[in-house]
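Each remark here refers to the structure printed beneath this line.
The values are calculated or read from the model by the stated rules, or taken from the named source; none is laboratory data. Keep in mind the model is a prediction, meaning the values are calculated, not measured. As a convention, Cβ positions derive from the backbone with ideal geometry for all residues, glycine included, and neighbour counts pool all protein chains shown.
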Amino acid sequence: MTATATPCRHAEPVMGTVVSFTVFTDSGDADSMIRRACAGLHRDDRMFSTWKPESPMSRFRAGQLDAADLTPEISAVLDRCRELRTMTGGWFDPWAMPGGVDPTGMVKGWAAQRALDTLVEGGATAAMVNAGGDLAAAGTPPGEPGWRIGIRHPWQPVAFAAVVTVCGAVATSGDYERPGQLLDPATGSVSRRAASATVVGPDLAVADALATALAVGGSDMFERFDAIPGYEAYLIGADGAEASTPGMPFVSSDA
């Protein structure tokens, strides 16, 4: 079946950003789907926020909760973080952050991917969840081969460094987004190896963590993508030099 040409759109303030929804459906109630997805995002924020002292994640970081007392969702996210720490050779390491373990570098993508799954399960034919610039998408918009996504230029806020077409996830990280917040896990000092790091792949939780690792590790992390099937990378170095993996789905300039 073909999705209707007019999508349902919504913007939800949550998780310290604005999460926007674009939903195509030829059956079902898109507004209800979005409400359920938003409820899930707020629930995830209440669990994982490191800014809310009453959240289970904050209480765990403060030593007020033991690992055995964590929700299944938090335990699963921390298990995934351990896997990604190994996959990235330590360039993504929530245990190296100040103040205790901090999975923020993956949680926003994880929550947005869950929101997208809620939309698909509810009957969305095509949908995209944009969590402050990190996107999870399913299906394709009517008449399009995929979702066309612009990657912000690190030094020209109103320009794109590149455009990609995807049917999955896109995550971008860089010092321009959070100046001084990208830390080298080995030294604890600010990492300025990359101006912008973008990763595409099937799952936004993984892409989010890999983009963080790429922004921190630069070319050292870029070399690891040969061993990470299903994910492609685009790196703009601090000196402006660009590199991309062979399968990065760029849109040509004449498309």
All positions within the range 233-255 that are modelled with pLDDT under 95 and hydroxyl-bearing (Ser, Thr, Tyr): Ser252, Ser253
Could you please let me know if Asp208 is more than 18 Å from Glu83 (Cα to Cα) and not in a loop (DSSP other than H, G, I, E, B)? no
Among (1) touching a residue at least 24 places away in the same chain (Cβ under 8 Å); (2) assigned to a loop (DSSP other than H, G, I, E, B); (3) surrounded by fewer than 17 Cβ atoms within 10 Å (Cβ to Cβ) - the single one Asp220 does not satisfy: (2)
Pairs with Cβ under 9 Å, 6+ apart, first in the range 29-55 and among the aromatic types (Phe, Trp, Tyr), second part of a loop (DSSP other than H, G, I, E, B) and buried (at least 19 other Cβ atoms within 10 Å of the Cβ): Phe48/Met15; Phe48/Pro103
Under 14 Å from the mean Cα position of the chain (by Cα), buried (at least 22 other Cβ atoms within 10 Å of the Cβ), over 24 Å from Ser20 (Cβ atoms) and modelled with pLDDT of 95 or more: does that describe Ala197? no
Return the residue satisfying two criteria in turn: it lies in the range 90-112 and is in a helix (DSSP H, G or I) and aliphatic (A, V, I, L, M), and of such residues it is farthest from the chain's Cα centre (by Cα). Ala96
Is the range 59-70 home to any residue that is surrounded by 13 or more Cβ atoms within 10 Å (Cβ to Cβ) and either out of contact with any helix residue (DSSP H, G or I) (no Cβ under 8 Å at 6 or more places or on another chain) or among the basic types (Lys, Arg) (or both)? yes
Scan the range 115-134 and tell me whether some residue there is surrounded by fewer than 16 Cβ atoms within 10 Å (Cβ to Cβ) and touching a Phe, Trp or Tyr at 6+ places or on another chain (Cβ under 8 Å). no
Just checking, which of Gly247, Gly174 is touching a strand residue (DSSP E or B) at 6+ places or on another chain (Cβ under 6 Å), surrounded by fewer than 17 Cβ atoms within 10 Å (Cβ to Cβ) and touching a residue at least 12 places away in the same chain (Cβ under 8 Å)? Gly247
If we keep only residues of the range 1-52 that are more than 24 Å from Val77 (Cα to Cα) and small (Gly, Ala, Ser), then the residue surrounded by the most Cβ atoms within 10 Å (Cβ to Cβ) is Ala30
So for the range 214-225 (the condition being within 19 Å of Arg82 (Cα to Cα) and out of contact with any Ser or Thr (no Cβ under 8 Å at 6 or more places or on another chain)), does at least one residue qualify? no
Kindly indicate which of Gly150, Gly230 is under 17 Å from the mean Cα position of the chain (by Cα) and over 22 Å from Met87 (Cβ atoms). Gly150
Name the residues in the range 53-89 that are charged (D, E, K, R) and either in a helix (DSSP H, G or I) or at pLDDT below 95 (or both), would you? Arg59, Arg61, Asp69, Glu73, Asp79, Arg80, Arg82, Glu83, Arg85
Given Gln181, Gln156, which one is under 19 Å from the mean Cα position of the chain (by Cα), surrounded by fewer than 19 Cβ atoms within 10 Å (Cβ to Cβ) and without any contact (Cβ under 8 Å) to a residue 40 or more places away in the chain? Gln181
Which residue, of Thr165, Thr245, Thr212, is closer than 25 Å to Pro98 by Cα and of a type outside the set (Phe, Trp, Tyr)? Thr212
Going by the structure shown, is Ala213 crowded, with 20+ Cβ neighbours inside 10 Å, part of a helix (DSSP H, G or I) and in contact (Cβ under 8 Å) with a residue 24 or more places away in the chain? yes
